[in-house]
Amino acid sequence: MDYFNYRGNDLYAEDILVKDLALKYGTPLYVYSKATLVRHVKAFDEALKSRRHRICYAVKANSNLAILNLMAKMGLGFDIVSEGELRRVIAAGGDPHKCVYSGVGKTPDEIRFALQVGVDCLNIESEAESFVISKVAKELDVVAKVALRVNPNVDAKTLPAISTGLKNNKFGIAHEDAIRIYKRMALDPNLKIIGIDCHIGSQMTSGTPIVEATLKLLEIYNALKDLGIEIEHIDLGGGLGVIYDDETPPTPEAYFAAVSEQLGDIDVALYVEPGRAMVANAGILLTKVQYQKTNGNRNFAIVDGAMNDLIRPALYGSWMNIINAQKREGVLSKFDIVGPVCESDDFLGKDRSLNIEDGDVLVVRGAGAYGSSMASNYNSRRLPCEVMVDGDKSYVIRARQNYNDIWKDENILPN
């Protein structure tokens, strides 16, 4: 459920007419619904209420400071994968002590900063990384709290580009190597083992893979318990899918009920790292039709939004629902919705049945995740404006970029 709905022929964002937002702020424009974000946080919290838990929002999905601040105010922790994301969390008022830090390529400087601000846990993704963390912790005279990110070799049944839990993926430590590495780390005075972590993929529309991964982690938990190694939390990552088209992902309640059943009464906290499921359907992208044309048997609606604003369709072949902000009566035609970027793959959607006129505002739904956070200045295009709607009010949470901002860090060679 979200709060972008038609009233008659007009689409509203909560209590504001979407076409009025386009008129006021221009296009392309990201619009987020605060009520939807709050609802999604509460849905996860309710689904996990039966056990000790921590919800760590995956910052990479959407890192806008206003969204991070809202999450922090609602008590969430954060899943981060870079020093920049950690600094964003802190700038937004988030608590670094509630952060789990994943990522395969943490540098010594990034590890140092994370330990200095006191992140809750460093999720180790290679044995080599464990030695670097130990060395940096010793230099700082601190004990680093760590977990292994275990690669359980479980197929998440999702797109190859967003699958992360198979042996041929770069992420995590092989399931069969975990016990050996845990035993060695338990003897290291610079490390404190506090958890077991995994993340097997994104946009999962079935609960079966996460149950399979849970069972793999339980094997490790029980083996560590037998060795006298105490585990404080099990982190199952994120990945719960959302509805873009006709997907039928489980609800958070159903998803975690199956996990909880497998965990039984073991006394550990459950950490989860939702990103897409929190923000995807809480955001839309507005884009205006500039021109229409026909090349042979294909109709094109050329809009002012492009792959630099929303790269998912071009990068992953992702299907995202595109609707008109104002419904039109009459015959529908098939359109490719394409942008002005100089690439044949610059499209937001293909073969869409729409009734379009020049100047219409089109709405790309499900754009709250991996939209603005993956936007770029390709073709020297400005980053789009972002606004948050709260009832009948709207607030700019990222101003449209000025052209001079695009090249302000560049320098011309001296004569």
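Laboratory data are not the source of any read-out in this text; all were calculated from the coordinates shown. Here the structure is a predicted model, which means the values were calculated and not measured. FYI the Cβ positions are ideal-geometry reconstructions off the backbone, even for glycines, and counts take in every protein chain you see.
Residue pairs whose Cβ atoms lie under 6 Å apart, separated by 6 or more positions or on different chains, with the first residue in the range 256-271 and of a type outside the set (S, T, N, Q) and the second part of a loop (DSSP other than H, G, I, E, B), are 256/48; 258/207; 268/231; 269/52; 270/51. Scanning the range 25-58 for residues that are of a type in the set (Val, Ile, Thr), more than 13 Å from residue 272 (Cα to Cα) and in a helix (DSSP H, G or I) yields a total of 2.
Note on the range 20-43: residues that are of a type in the set (Phe, Trp, Tyr) and crowded, with 22+ Cβ neighbours inside 10 Å total 2. For the range 323-334, the criterion of being buried (at least 20 other Cβ atoms within 10 Å of the Cβ), not in a loop (DSSP other than H, G, I, E, B) and not polar (S, T, N, Q) is satisfied by no residue at all. The set of residues from the range 354-398 being without any contact (Cβ under 8 Å) to a residue 60 or more places away in the chain and in a helix (DSSP H, G or I) comprises just one member, 380.
Of the strands (runs of 3 or more DSSP E) entirely within the range 208-300, those holding at least 1 residues that are more than 18 Å from residue 195 (Cα to Cα) occupy 283-295. What is the residue count in the range 118-135 for residues that are polar (S, T, N, Q) and more than 15 Å from residue 173 (Cβ to Cβ)? Here the count works out to 1. Residue count for the range 220-253, restricted to those that are more than 21 Å from the chain's Cα centre (by Cα) and loosely packed, with under 15 Cβ neighbours inside 10 Å: 7.
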